[in-house]
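The values are calculated or read from the model by the stated rules, or taken from the named source; none is laboratory data. These figures come from a predicted structure and were not determined experimentally. Every residue, glycine among them, receives a Cβ derived from its backbone with ideal geometry; neighbour counts consider all protein chains shown. Protein only, heavy atoms only, side chains kept; ligands, DNA and RNA dropped before computing areas. Shrake-Rupley method; radii C 1.70, N 1.55, O 1.52, S 1.80 Å.
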Amino acid sequence: MSFATGLRCRECGATYPDDARYSCDECFGPLEVTYDLAAARGTITRASIESGPRSIWRYHDLLPDAGDAPIDLGAGWTPLRRADRLAARLGVRELWLKDDTRNPTGSFKDRVVATALSSARRLGFTTAACASTGNLATSVAAHAAAIGWPSVTIIPHDLERSKVAMSSIFGGTVLAVEGNYDDVNRLCVELVDEHPEWAFVNVNLRPYYAEGSKTLAFEIVEQLGWRLPAQVVVPVASGSQFTKVAKGFDQLLALDLVTGAAPRMFAAQAAGCSPIATAFARGDEFVTPQRPSTIARSLAIGNPADGPYVLDELRRGGGDAGSVSDAAILDGIAELAETEGIFAETAGGVTVATLHQLVERGTLDPEASIVAIISGHGLKTLDAIADRAGVSATVPPSLAAAEAALANDRLVVAR
Ligand SMILES: *Cc1c(COP(=O)(O)O)cnc(C)c1O
Ligand SMILES: [Zn+2]
């Protein structure tokens, strides 16, 4: 049973019933889902959660009402891995990686799409839609296919080939827009008014969509043996994931399912699209939009909807925000693969490179525990690593030629 009670404006606090709306009638502020945590305390226990399915739905009590049948392609319950070899490179004592490459369509977006479309079905929508930087389109198309819904996913025209392929294979409509994500998003806001029966998961279903990211926090705590990490590093595009991971920790504390201090939250951005890191460094209260130019396409949102809320959370908890160059992102992808055997997309490279930056800056405490979120699979951004990845040597099929090549001591090295 969901303990969700309705919606509340994040700006003025006006409350609304649990229905299909996303902005405040009073002030046009964004809405978020509220819960009756007092009623949930005592009813939701560690044991009740542990007896649930190995997916985000083990936390259904703390998610929006999913109706009779939550949509489940298997999103969530991804591995939390101790990363001692990467930790040694960084010079930190306790590092864990939340490996969200292991979701059904290869990115953390499966968590938010499963949540949003379950609510959309309950609320009577009939078509799945989204504005996407790539991963969301793939996840929406897949989940729509699995429930027999049509889908309309809208993306910038110049995305990675593998993301376009992965989005289109599910048979939905994929519309490419000659513009960047911020143009796509603006267009989708207009389309919502024309097609009220379409569930744009991150526009008119955004309050329900956003809640899915809390499951990252829930899983991290449960997988650490019901312990809070001291520090969490999150890659940031719109900022939705970041703010809801923080909300997830707060809810577990409010329910007495864990004790201690809420983790300090750290944001990771690409230097080529760093509106939030820039505003934080300047001490600004608002985010100045940027025109993105980075290989981290999944994070290329120049006008982030949750920007001010990310800034609030960074300041509330004493966190920090990093921004890293495209070269550092590629180094981060390679380092993660070579030290931990995890192949991440460019957003994962952003997270790893930001870990380095914040340790060097001294804002990440090397002695306290760190969890870093690796949010998407490397097969999604093969184009980005094309110049770095390839065979070590090409030889004719003869023992002599193979041995001659392998005798080159640069070819076979210990890492
Ligand atoms: C969408 C996305 C993010 C960040 O999402 P926001 O909630 O918009 O900040 C991070 N990593 C990957 C791989 C993504 O696709
Ligand atoms: Zn309001």
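Each residue was assigned an accessible area with a 1.4 Å probe, and for residue 77 the value is about 60 Å². Between the alpha-carbon centres of region 234-272 and region 191-218 there is a gap of 19 Å.
Here r is the Cβ-Cβ distance between residue 50 and residue 93 and R0 is 25 Å; the resulting FRET efficiency, rounded to 0.05, is 0.35. Relative to the compact-globule estimate of 2.2 N^0.38 Å, the Cα radius of gyration of region 109-210 comes out at 0.94. Sorting 391-401, 201-211, 80-90 by average packing, meaning the other beta carbons within 10 Å per residue, from highest down gives 201-211, 80-90, 391-401.
Placing unit charges on each Cβ (+1 for Lys and Arg, -1 for Asp and Glu) gives region 7-158 a dipole about its Cα centre, and among 130, 97, 59 the Cα reaching farthest toward its positive end belongs to 97. When the listed pairs 163/244; 98/244; 244/380; 109/380; 163/214 are checked against a 21 Å cut-off, the alpha-carbon distance exceeds it for 163/244; 244/380; 163/214. Summed over the residues of the chain and divided among them, the accessible surface reaches 40 Å² per residue at a probe radius of 1.4 Å. Rolling a 1.4 Å probe over the protein heavy atoms of the chain, with every protein chain left in place, gives an accessible area that is 52 percent carbon and sulfur. So for region 247-296, taking the charge dipole from beta-carbon charges (+1 Lys/Arg, -1 Asp/Glu), which of 251, 271, 281 sits furthest toward the positive end? So the residue furthest toward the plus end is 271. In whole angstrom, note down how far apart the Cα centers of region 56-107 and region 302-343 are. Taking the Cα centre of each part, region 56-107 and region 302-343 sit 17 Å apart. On the basis of the beta-carbon distance and an R0 of 22 Å, residue 363 and residue 291 show a calculated FRET efficiency of 0.20. Straight-line reach only, C-alpha to C-alpha below 17 angstrom: list the aspartates and glutamates that residue 247 could link to, leaving out same-chain residues fewer than 8 apart. Once the sequence-local aspartates and glutamates are set aside, what remains near residue 247 is 11, 32, 36, 61, 211, 219, 222, 256, 306, 312, 313. Taken over the Cα atoms of the chain, the convex hull encloses 149 Å³ per residue. Of the residues 178, 194, 50, the one with the largest accessible area comes first in the ranking 178, 194, 50, computed with a 1.4 Å probe on protein heavy atoms.
Sites listed here are trypsin sites (Lys or Arg not before Pro) in region 276-331 whose DSSP assignment is loop and whose Cβ has at most 16 other Cβ atoms within 10 Å, and the list is empty.
Remark: spin-label model distance residue 256-residue 27 equals 3.3 nm, labels positioned 7 Å along the Cα→Cβ axis.
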